[in-house]
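Quick notes on the structure that follows.
The values are calculated or read from the model by the stated rules, or taken from the named source; none is laboratory data. Remember, it's a predicted structure, so these values are computed and weren't measured experimentally. Cβ placement follows ideal geometry from the backbone for every residue including glycine, while neighbour counts extend to all protein chains displayed.
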Amino acid sequence: MQALWMVLASFFFATMAVGIKVAAASFSLPELVFYRGVVSVIFMALVLRARRTPLATKVPMMHAWRAAIGVFSLATWFFAIAHLPLATAMTLNYMSGVWVAAFVVGGALLYGQSSRQGPLMATVLAGFAGVVMMLRPTLDQNQLFAGLVGLLSGMGAAMAYLQVTALGKVGEPEGRTVFYFSVSTAFAGLAGVLWSGFTPWDSVSWQAAVWLVPIGVLASLGQWCMTRAYSRGATLLVANLQYAGIVFAAFYSLVLFDDPITLLGWAGMALIVASGIAATVLRTRALPDTPAEEH
């Protein structure tokens, strides 16, 4: 039952992505990261105070690493959302399961266990084949760079997922984990804004402005549900349920943004989902034999 929090998290993240896509027409990437972080900090501070959860932590370096990879993944994902169809950006970000499998294969090669990783390597290749199928229809529209950035967001999400799981295992409350990630997001966004400057408010559309607060709240709720799912649910089931976000994003793309998804794009999306599920299953079976993942 705890794993179902991931479905709710996927809904929150997909809805947040709608706001990012609308707001990106008026705000720069650093501004979106900054406003998202500030709203999340305020929201999570109120939640932690209401739940009487202390801010002190015994594992500050684990939070620092979670923050670093989380900010990287967030920034690259926001960029992909702004420059790609919503369903495409979400699918590339949700390649985390395939990326984790790639990490395991790389670790197996390092530890001389490559002969055992043939099925995992097949899922990695299948996942990237799905990416090629999804991005090929958009190459003529100069979206290749945004697609590559979207791939990086998925890689960062995979690393963040591993760290969230580790924080849950050492007993960190979900709210505290989300709060510190929100603080790091706000500071990273502020650094970018101080470099590039704020957008004048007289040039901001009202549609973009009204999404700023919901983006932060939805991000906090999504992070909280995701952290709770990975901390308390069965990892294999949670990792597979995250693909519900692609379904939500595809619906939003078709209904709200009229982004057509070609037959080849749908096939690529399905291949990525299937390879991610297979990679999760195989990774779980291979975990005792693969010390690289714990590394």
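Run Val105 past the list (1) aliphatic (A, V, I, L, M); (2) over 16 Å from Leu151 (Cβ atoms); (3) at pLDDT below 80; (4) under 17 Å from the mean Cα position of the chain (by Cα) and report the number of the one that doesn't hold.
Just one mismatch for Val105, condition (4).
Do any residues in segment 223-250 that are modelled with pLDDT of 75 or more and buried (at least 21 other Cβ atoms within 10 Å of the Cβ) have Cβ atoms under 6 Å from those of residues that are part of a helix (DSSP H, G or I) and of a type in the set (D, E, K, R), where the two are at least six apart or on different chains, and which pairs are they?
Taking only residues 6 or more apart or on different chains, the pairs are Trp224/Glu174; Thr227/Glu174; Arg228/Glu174.
Mind listing just one residue for me: the one in segment 1-53 that is of a type in the set (Phe, Trp, Tyr) and in a helix (DSSP H, G or I) and, of those, farthest from Asn93 (Cα to Cα)?
Checked segment 1-53; the qualifying residue farthest from Asn93 (Cα to Cα) is Phe43.
Could you say whether any residue in segment 191-202 is more than 16 Å from Ser26 (Cα to Cα), hydrophobic (A, V, I, L, M, F, W, C) and in contact (Cβ under 8 Å) with a residue 24 or more places away in the chain?
yes
When you go through (1) of a type outside the set (Phe, Trp, Tyr); (2) under 27 Å from Phe11 (Cβ atoms); (3) touching a Ser or Thr at 6+ places or on another chain (Cβ under 7 Å) one by one for Ala188, which number turns out not to apply?
(3)
What number of residues in segment 255-277 are over 19 Å from Gly147 (Cα atoms) and modelled with pLDDT of 80 or more?
4
Identify, from the list Thr165, Thr185, the residue that is modelled with pLDDT of 80 or more, of a type in the set (Ser, Thr, Tyr) and either part of a helix (DSSP H, G or I) or exposed (fewer than 14 other Cβ atoms within 10 Å of the Cβ) (or both).
It is Thr185.
In segment 54-104, which residues are among the β-branched types (Val, Ile, Thr), over 23 Å from Thr15 (Cβ atoms) and either in a helix (DSSP H, G or I) or touching a His at 6+ places or on another chain (Cβ under 9 Å) (or both)?
Thr57, Ile69, Val98, Val100, Val104
Look through segment 26-63, keep the residues that are free of Cβ contacts under 8 Å to residues at least 40 places away in the same chain and of a type in the set (Gly, Ala, Ser), and return whichever of them is surrounded by the most Cβ atoms within 10 Å (Cβ to Cβ).
Ala50
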